Structures are given as structure tokens and as C-alpha cells.
Amino acid sequence: MDSIEKAIQAVLPQLDEAKLETLVNELVKVGVEGPDDLQFIQEDDIKHLLTPIQCRKIIHSLKGPFNPQLSPSSSEPLSVASSSTCPISSISSISAWVNSFEVPWNKVRLTLRRAVDAGERPAPDDRRHLIKVTVDAMRERSLNPTRRECVVVAKAITQKYPNSFLDKNEEGELIGCGYFSVINQLKTRVEYLNRGNSLSRLRKHKRTQRDDEDGDDDQPAVATCARIDSYGCVCWQPEDYPDGETSASLEEKKLEMIDIFSREGLKGAERGRVEDLMAITYAKQREYINAKPSPSILDVGKEWPFLFSQKFLLSHFTTLTNVELYTRLNEDMDKKGKRLLDFFSSQITKWRKEVRAVLKEAIKKDREGSDGLAAMLVMLAHFKEQEESLFLIADETTTPADAEAQLSLPVTPRIIMLGETILTAKKWMLSIEGRVVIPPGAHMADFTTALAALFACYYVFNLEYQVEASTTLEFVQRFLVRINPDSNKCTAKEQMSKTTGRVVKRKTSYMNPHVISFIRDFTEFYLLTD
């Protein structure tokens, strides 16, 4: 995979490391095995990950036989690591020993052997024992195996017994590359054994700051949310307008909708004409939202006011991701919410006191509010994230103008709960960049609808998850919405320390390990108890 990375870097030297890893992973998925295969890729293979100009640069530069000056000779055999389909955090080379390494299956417990031979998930303790003996064997070759070397071993484990070790959700769908949790367990075990042992540590190359040609660093953080491109989207920027349409004709249709909105407000969203206009101008909407620099939410509201109706916000999300968001949440929210509450309550003594306190309220028989909302509050506590990172409380008589004047609304999205408590609230509003963008009304009649509106905004408007709620939001994304790309939607490099209250460096990963490990534990708990 190094040779593919080098080839792309030669064409797009400014591409940031996270996007490079995601791009290489996507190319491997479509069949790219080495640098010679790059001449066969098409723009459709990568257009959801790069800007149109970046796509054209790659297609133009890599067509024809591969330039051997950009990578090792294509005649050289690729290492086992070259076929890895999971993004990794380093582009350092892999030691030769890992190519011939064999997982010591002869040393694992008999109970694990029985489980994997039957295609079943092993018990957590047996899985940990496999990690232990595997890392012991790896450290006989290298005292401190790199993360990239752990990737190769993790892939070997999951390829041999996919039913037993691949990361999957309850529906059997692959989460990310499928072996992120095995990678993490291997590397965590390596780091544990090397704690305090400076002799076994590897010297890290000093990282240099790269210019991010897709970044928005010149945008004031206090004014707009951080933007992120094309994450998990299937129609991020259509290449062509609908048949018979031009940029000028679509602009006229946009102006017609602005006129309707000026006369009727959001009630105009119920008109069949507006529905037709919103559908045919989708490509134009994406052009505006995807522009550099990114428009503010206020500007989006002026240009495309009907995007802030529940109906067209969710319709846009469906076209963008191919996921019927409200339908999926409505089907699963309370059902999975109840299973989550049962999962926590059946093991109540193992959780932190903060989790137990929230759980105690969530499982009361006379508790108001849905199981889905109660489970959300428990998950926030479990991931050590504050309720106010997603929810704000206001009196049930609060108007949008009151909220904007009195609540000090944050830049990042919030659901404003109208009631005495989050669980008892009967109405909601949605705010972004300090403004109420969706007011209370019949369209926000239940929590599932409110959550759908909140979640859709991150995708429709290219917003990053706020760091203070990023784990819970990624959990919603992977567990409830079931969008599972090999990357994350929060790239913040700093966060507020939960212990000292100071700004500290944030450890980043292309998938949140807390989310992946929780989904694995939850799924395996029900597989073993059902």
C-alpha cells in the first residue's frame, strides 16, 4: 500500500494524511492491488472523496503505464501489508518479519478453537487470551510492533475466521474495514507491555505541518461550524445537471422558491411545485453548500430556505447518503433503545457512578419520554460526554427569538428541549451557529424526528461533529443510522480536558475506538445471552 500512497502523494502533495489513507483504502476496495492498477481507475471511483479538480489531476497523471520513479518497481513483489484495506495512522515501512508471521492458533484455548471452528463469536475472555498470545509471539520478532504491523496481523486473524472476529453490527453489516477493534486490541496490548520501557520504543519521525487545500482554517471558528467533505455520502456533488437544465435555468428555479418562501414561509414546503423544484435543483444546492469557502448557515437559509423544513432536509439527506433517515430511526430507536437500557441495567454494578445515576432515572417504570431518548442520555454518560453537548433546556413557552436572545446558543448544532427536563420535554427546536434554524411545531412532534433533523444537518451542511459530543454522534451514526465509512467526522486536534478543564491535544483516529468496542461488546453480549 506504500507504493499506492506514494503515487497519489506525487500528484496531490498537499492532500492531508487522513484523506490520503481513506482514498487508498477506497482504491483497494475497488480492486487496486498495486501502482500499475491506478491507470484503470475512473472518476466515479473517487469523486465522493475528492474535489472535481483533484479527481481530474489523478486521472490525468496516472493514465497509462505507471511511472516507476514514483514508487518501487512494479516487478517487485508486494508485501502482505500492501493488500490491507484498512486505513492506518502511519505511512512508515513494515518490517520483513511480519510477512512470514503466523498467528499461534496452537496456543489458544480449546473453547476459542471450538467457537471459531463453529463460526461463532468467541467469549470476551477467550478473545483477550488470543490477543495476549498473539502479541507475545509478535514481540519475539519485534519488541514494539508498529500499528501498521498490527494491521497485517489483524487482517490475517479476520480473514481466517471472519464470522468470529470481523466488526459487525446487529444487522450483520460490516463496520468500517471490519478489523479495527482487533488492530486496537493488538496495539493496546503492545503499549501495555512496553509501558515504562524506553528501550523498546521506536523513534517517531517529526511530523511537519501540511497545507490543507480543502481546509477552512481562514474561517473564524466563532462564526461557523467546522466543515468536512463527502463523509459517507454517495451523491456529494453530482457531475451533471438534470436533462434539459442549465446553471441559469436552475438559478431561476431557486429564485422562484425564494419568492414562494417570502410570501408563505415554511408553509410553502407543502406545495407540490416546491417539491418538484427542490428535487430538480439538488445539484445546484450541493454546489452552493460545497463551495469554498463554506457558506454560513445564515447564508444557506437565504439562498435555499426550504432546506430548513423537516421535509426537505431529510429528503436531501436521503439523496446524499441513500439512507431514509427518519424511517431507519423510527424503526430502530425505541427497539434498540430498550435493548441498550437492558444491556446497561443487567450489568449495573460494572458502570461508573455517573452512568448508574442516569440509568436509574432511565429505567424508572413511571419515567416519561421514549426508550430511545433515555438510552441517548445513558450513552452520553457512558462516553463521558455532557448532556449540554447535544441538548439545551428551555421553558416550554420559549420562542425562537427568546432562545437566540437568552440561551447563548453555541456555534455547533443543538436540540433545544422545551420543558422541565430533557425526558419530559414535548417540543423541540434546532439551532446551528447561534440561530434557531428549525422552530417548534408539528414537524418536531417526537424525539425521533428531532434527532433525525439534528443528525441530517451534519451531512447536508458538511458539518463536523462537535468534539464534546463526537463519540455519541459517531455511535448514533454507526449503531442507529448504520453509515460505516473508514473515517470519522471529527478532525479536531484539541479538546477540553475532562479532568483539568484545560485545552489539551486530542488523540485522533480514523474511527472512534470507544464506539467500535462498545458495539462489539453489545453485539456479543446478546449473541451469548439470546
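General remarks:
- The set of residues from segment 475-506 being closer than 22 Å to residue 49 by Cα, modelled with pLDDT of 75 or more and either charged (D, E, K, R) or exposed (fewer than 15 other Cβ atoms within 10 Å of the Cβ) (or both) comprises 478, 482, 486, 489, 492.
- Residue 500 being in a loop (DSSP other than H, G, I, E, B) and over 15 Å from the mean Cα position of the chain (by Cα): yes
- Qualifying positions in segment 366-420 - of a type in the set (S, T, N, Q), assigned to a loop (DSSP other than H, G, I, E, B) and open to solvent by 40 Å² or more (accessible area, probe 1.4 Å): 386, 397, 399, 408
- Taking residues in segment 156-178 that are over 13 Å from residue 523 (Cα atoms), and partners anywhere that are among the aliphatic types (A, V, I, L, M) and part of a strand (DSSP E or B), not one pair has Cβ atoms closer than 8 Å while being at least 6 places apart or on different chains.
- For residue 425, the test of being in contact (Cβ under 8 Å) with a residue 12 or more places away in the chain, surrounded by fewer than 17 Cβ atoms within 10 Å (Cβ to Cβ), of a type in the set (Gly, Ala, Ser) and in a loop (DSSP other than H, G, I, E, B) is failed.
- Qualifying residue in segment 509-522 (condition: touching a strand residue (DSSP E or B) at 6+ places or on another chain (Cβ under 7 Å), within 20 Å of residue 380 (Cα to Cα), in a loop (DSSP other than H, G, I, E, B) and open to solvent by 10 Å² or more (accessible area, probe 1.4 Å)): no
- Residue tally, condition open to solvent by less than 10 Å² (accessible area, probe 1.4 Å) and in a helix (DSSP H, G or I), over segment 36-50: 2
- Among the candidates 450, 403, 374, residue that is modelled with pLDDT of 95 or more and not β-branched (Val, Ile, Thr): 403
- One residue stands out among those in segment 20-35 that are part of a helix (DSSP H, G or I) and open to solvent by 40 Å² or more (accessible area, probe 1.4 Å): the one that is modelled with the lowest pLDDT, which is 29.
- Per-region count, segment 139-159, residues within 27 Å of the chain's Cα centre (by Cα) and in a helix (DSSP H, G or I): 13
- Residues of segment 159-171 include none that is more than 22 Å from residue 476 (Cβ to Cβ), at pLDDT below 90 and open to solvent by less than 40 Å² (accessible area, probe 1.4 Å).
- Leading residue by the ranking (most open to solvent (accessible area, probe 1.4 Å)) among those in segment 242-264 that are among the charged types (D, E, K, R), closer than 16 Å to residue 280 by Cα and in a helix (DSSP H, G or I): 252
- Of all residues in segment 325-357, those satisfying the criterion of being surrounded by 18 or more Cβ atoms within 10 Å (Cβ to Cβ), closer than 14 Å to residue 381 by Cβ and without any contact (Cβ under 8 Å) to a residue 40 or more places away in the chain are 341, 344, 355.
- Matching option when the condition is at pLDDT below 95 and β-branched (Val, Ile, Thr), among 436, 467: 467
- Qualifying residue in segment 218-232 (condition: modelled with pLDDT of 85 or more and not β-branched (Val, Ile, Thr)): no
- Selected residue [in a helix (DSSP H, G or I), touching a helix residue (DSSP H, G or I) at 6+ places or on another chain (Cβ under 8 Å) and at pLDDT 80 or above] from 114, 127, 121: 127
- Cβ-Cβ under 8 Å pairs, at least 6 apart or on other chains, segment 183-203 side modelled with pLDDT under 90, far side β-branched (Val, Ile, Thr) and surrounded by 17 or more Cβ atoms within 10 Å (Cβ to Cβ): 202/146
- If the condition is being closer than 18 Å to residue 185 by Cα, of a type in the set (Val, Ile, Thr) and outside any helix (DSSP H, G or I), then segment 93-111 contributes 103, 108.
The values are calculated or read from the model by the stated rules, or taken from the named source; none is laboratory data. Since this is a predicted model, take the numbers as computed values, not measurements. Positions of Cβ are generated from backbone atoms using ideal geometry, with glycine treated the same way; all protein chains shown enter the neighbour counts. Ligands, DNA and RNA are excluded from the accessible area calculation, which covers all protein heavy atoms including side chains. Shrake-Rupley method; radii C 1.70, N 1.55, O 1.52, S 1.80 Å.
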